[in-house]
Amino acid sequence: MTAKIKSVTIIGLEAVPIEVEVDIVKGLPGMAIVGLPDKAVEEAKERVKSAIRNSNAIFPNKKIIVNLAPADIKKEGPSFDLPIAVGILVASGQIRFNDEKQLFLGELSLDGSLRQINGVITAAIFCQENKIRELYLPAANAAEASLISGFELLPVQTLDQLILHLKDESKIEPQQETLIDDLINNSKTSQFDMKYIAGQEQVKRALEIAAAGGHNILLFGSPGSGKTLLARAFNTILPRMRPEEILEVTKIYSVAGMLSHTKPLICERPFRSPHHTASSISVVGGGNWPKPGEISLSHRGVLFMDEFPEFPRSVLEALRQPLEDGSICISRAQGSLEFPARFILIAAQNPCPCGYLGDEGHECICSPTEIVRYRKRISGPILDRIDIHLEVPRIKYKKMVSKAKNESSKKVRRRVEAGRRNQILRFHKAGIKTNAEMGIREIKRFCQIDNNCEKLLESAMDSLGLSARGYHRTLKIARTIADLAPSKFIKTEHIAEALSYRPKEQKIFA
Ligand SMILES: Nc1ncnc2c1ncn2[C@@H]1O[C@H](COP(=O)(O)OP(=O)(O)O)[C@@H](O)[C@H]1O
Ligand SMILES: [Mg+2]
């Protein structure tokens, strides 16, 4: 008899249905797996064989043919172990059940216990959308899958336990659905809270604007001036994640295999800081079996790139598309794949290779050519996508030891959230969420200014050499400053402040 067991494979962030067909025929004992299996699927043979033998079941001493259909999709990873084992038990008549509405996923150990797998949330969403009645998966993945409702979730510890369940001898207790709201109400103070950072009021103000409008930031400053510290604190003032964002981000971490039993949910905005020696694939995503890279792992959060000019050109240029579209398209032999990648970029760099150009306390030892070469590593199109350019000055001793109380992140976050609300109301028809995402059309529509503002911008264009790009960037930041004020219209003081965040390259060279 042949058995047909339902399962899924994960391609990008999508679950694709796979049917595991098992037939037991006459012939020399052995097992063949067909249907484009990769190495890990191929090795399922040995794991399944041992697992069945070490459970209260018999591994048939016949020829077993396993077909993973449809045959034109490549199958990856060890998650087919469980459906293959169940298929063998059904095909050999050891268990029987109506196999219409069940879906199985799981890697087997040789002793028959189940091991954690990746991409379970995606599979659970598939079950919800396709009216699957029962989802069987490793117990270690149950917490993650329980965020999705609409089916019975059965956490399996061992193959033995599953056999008894399917034979109706001893039932597995279904896992109850977890409500996201129950998991996100833990508001501990982060160790990176703004209140632990002395002084730097101007920088903090700029970070508040960036957080409110979703603007990318470039931080300049000599080593030890506090760039890393400020970037980490930035995360604590971003608006809290909404439930749908939590699910969106958790899905990416699930596929990347970065969730654990104890942390099944990403409730805090991600903060990722890849090192500049990281490979292009690990930053951007991709690989033989495409996995999300750092830019997707920082989706809805922050991508912090310290020592920005040290990153290889290929990595920096690859950032252009995601910075524009909020997603990354990865081409592969079987068509292209898309991963979301809407993050706020915080780039940090020293003003020159030695780090001390313009520093009052140190002398810079770099030659002008070295400085030019260092600065040139970041191309115009990348700089153009960074709205706020900010100098982080070295903090004075008096400020550092001052007893003055600093504002807490919680307070700043409240203002940021209010500023964001204004944007959501304004953009609800435009299909964007933040000021940073505005294109020319939205800028024309939502950033109208009066004559005084026009005059100010005009003189800035002349005296500061503000380009057309700089003009639009300034308007976007001014819009955010007005949203924080809150003010319906952009006023001259908002434009004036926005102008102070435009690139200061020229000044640093002078
Ligand atoms: N404004 C500040 N308030 C408190 N500590 C600071 C401040 N600025 C710098 N520090 C201290 O200096 C250390 C170095 O800062 P860091 O952010 O790593 O500098 P950078 O990244 O610019 O080289 C921090 O870990 C922190 O202890
Ligand atoms: Mg640093």
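The values are calculated or read from the model by the stated rules, or taken from the named source; none is laboratory data. What you are looking at is a predicted structure, and each value in this text was computed from that prediction instead of being measured. Cβ coordinates were reconstructed from backbone atoms using ideal geometry, including for glycine residues, and neighbour counts include every protein chain displayed.
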* Asked: Taking the stated definitions as given, is Arg502 basic (Lys, Arg), under 30 Å from Gly380 (Cα atoms) and part of a loop (DSSP other than H, G, I, E, B)?
  -> yes
* Asked: Is it true that some residue in the range 192-208 is at pLDDT below 95, assigned to a loop (DSSP other than H, G, I, E, B), under 21 Å from Gly419 (Cβ atoms) and of a type in the set (Asp, Glu)?
  -> yes
* Does any residue of the range 30-43 turn out to be under 28 Å from Cys329 (Cβ atoms), in contact with a Lys or Arg (Cβ under 6 Å, 6 or more places away or on another chain) and assigned to a strand (DSSP E or B)? -> yes
* the range 61-75 - residue that is outside any loop (DSSP other than H, G, I, E, B) and surrounded by 16 or more Cβ atoms within 10 Å (Cβ to Cβ) and, of those, farthest from the chain's Cα centre (by Cα) -> Ile64
* To do: Give the number of residues within the range 45-60 that are under 15 Å from Ala91 (Cβ atoms) and either of a type in the set (A, V, I, L, M, F, W, C) or part of a loop (DSSP other than H, G, I, E, B) (or both).
  => 6
* Asked: What number of residues in the range 241-271 are away from ligand 1 (no atom under 16 Å from the Cβ), buried (at least 17 other Cβ atoms within 10 Å of the Cβ) and not in a loop (DSSP other than H, G, I, E, B)?
  -> 11
* Asked: In the range 196-214, which residue that is under 11 Å from Ile388 (Cβ atoms) and within 16 Å of ligand 2 (Cβ to nearest atom) is surrounded by the fewest Cβ atoms within 10 Å (Cβ to Cβ)?
  -> Val203
* Structure fact -> Out of (1) on the phi < 0 side of the Ramachandran plot; (2) free of Cβ contacts under 8 Å to residues at least 60 places away in the same chain, the one Glu307 does not meet is (1)
* Asked: What do you reckon, is Phe446 over 32 Å from the mean Cα position of the chain (by Cα) and surrounded by 12 or more Cβ atoms within 10 Å (Cβ to Cβ)?
  -> no
* Residues being within 14 Å of ligand 2 (Cβ to nearest atom) and charged (D, E, K, R): count how many of those fall in the range 215-249. => 2
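Okay, residues lined up against (1) away from ligand 1 (no atom under 14 Å from the Cβ); (2) closer than 22 Å to Ala498 by Cα; (3) at pLDDT 90 or above:
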| residue | (1), (2), (3) |
| --- | --- |
| Ala212 | yes, yes, yes |
| Ser222 | no, no, no |
| Ala231 | no, yes, yes |
| Pro239 | yes, yes, yes |
* Can we say Ile440 is loosely packed, with under 12 Cβ neighbours inside 10 Å and in contact with a helix residue (DSSP H, G or I) (Cβ under 8 Å, 6 or more places away or on another chain)? -> yes
* Asked: Restricted to the range 449-497, and to residues that are of a type in the set (Ser, Thr, Tyr), closer than 22 Å to Ala418 by Cα and within 37 Å of the chain's Cα centre (by Cα), which residue is surrounded by the most Cβ atoms within 10 Å (Cβ to Cβ)?
  -> Thr480
* State whether one or more residues within the range 262-272 are out of contact with any helix residue (DSSP H, G or I) (no Cβ under 9 Å at 6 or more places or on another chain), more than 16 Å from ligand 2 (Cβ to nearest atom) and touching a residue at least 12 places away in the same chain (Cβ under 8 Å). => no
* To do: Could you pull out every one of the helices (runs of 4 or more DSSP H) wholly within the range 343-457 that has 2 or more residues that are among the hydrophobic types (A, V, I, L, M, F, W, C), within 14 Å of ligand 1 (Cβ to nearest atom) and closer than 25 Å to Gln202 by Cβ?
  => 397-401
* Asked: Taking only pairs six or more apart or across chains, which ones have beta-carbon atoms under 7 Å, a first residue in the range 221-240 that is within 23 Å of Gly419 (Cβ to Cβ), and a second residue that is within 12 Å of ligand 1 (Cβ to nearest atom) and polar (S, T, N, Q)?
  -> Leu230/Gln200
